[in-house]
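Beneath this line is the structure, given in structure tokens, with notes to follow.
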Amino acid sequence: LLRREQYRKADNPENSAELARAICIGKIANSRTILRRTARERSHPELANACNRLNDSLARLKKPLPLDIIRGIEGEAANAYFGVFRHLITDTSGTFTFGGRSRRPPLDEINCLLSFCYTLLAHDIRSALETVGLDPAVGFLHRDRPGRPSLALDLMEEFRPWLVDRLVCTLINRGQIK
């Protein structure tokens, strides 16, 4: 019954958009919190600008929108966040540099760490979804593709800034990873 209801919600554009909107609000709010925390510790105009862009994204998500618009807002917010991600790294050794988010393949050490940790998080969320009886392949924000755990990818969005991004920055900034 649970999976049948999940499939019904996923097939309904309004329900999918509403769930995707909630996921994006959580992700963007958590990303903004990470940037605000860093801005308190070391002020930088780019961080403030990125926070303002994330605020604008959150304001646009206050009302129901079509799924494609929500995805576009999420993409703009991710660009704003990763555009200033380098300011979260305090390592001055030059070992770790971040020129922007890259994946498939990750082009630098920080992107490798992010991708690796995102993969671990996705596996944990997928396992949790299977444990409670949900189909990890049927998501709302991410499109369904063969072999892709779309719902797991949806649900991990909110956790990425808090769990993975902070972990990666902490490991680098404390010199715990070389």
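The values are calculated or read from the model by the stated rules, or taken from the named source; none is laboratory data. Computed from a predicted structure; not experimentally measured. Cβ coordinates were reconstructed from backbone atoms using ideal geometry, including for glycine residues, and neighbour counts include every protein chain displayed. Keep in mind that these areas ignore ligands, DNA and RNA; they rest on the heavy atoms of the full protein, side chains included. Shrake-Rupley method; radii C 1.70, N 1.55, O 1.52, S 1.80 Å.
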Completion exercise
So the compactness index of the chain, its C-alpha Rg divided by 2.2 N^0.38 Å, takes the value 1.08
Practice task
Pop out the carbon and sulfur fraction of the accessible area of the range 1-156 as a percent, whole number, probe 1.4 Å.
Solution key: 54
Completion exercise
Given the candidates 35, 177, 12, the one whose Cα lies deepest towards the positive end of the charge dipole of the chain, counting +1 at each Lys or Arg C-beta and -1 at each Asp or Glu C-beta, is 35
Completion exercise
Shape descriptors of the range 10-88 over alpha-carbon atoms, Rg and Dmax in angstrom, are 13.5, 46
Practice task
Take the alpha carbon atoms of the range 39-111, find their center, do the same for the range 126-178, and report the distance between the two centers in whole angstrom.
Solution key: 17
Handout entry: Cβ-placed point charges (K, R +1; D, E -1), dipole of the range 1-48 about Cα centre in debye, nearest 20
Key = 200
Problem - Surface accessible to a 1.4 Å probe, per residue, for the residues of the range 85-151, Å² - result: 56
Practice task
Run the dipole for the chain about the Cα centre, Lys and Arg Cβ at +1, Asp and Glu Cβ at -1, nothing else charged, and hand back the magnitude in debye, nearest 20.
Solution key: 240
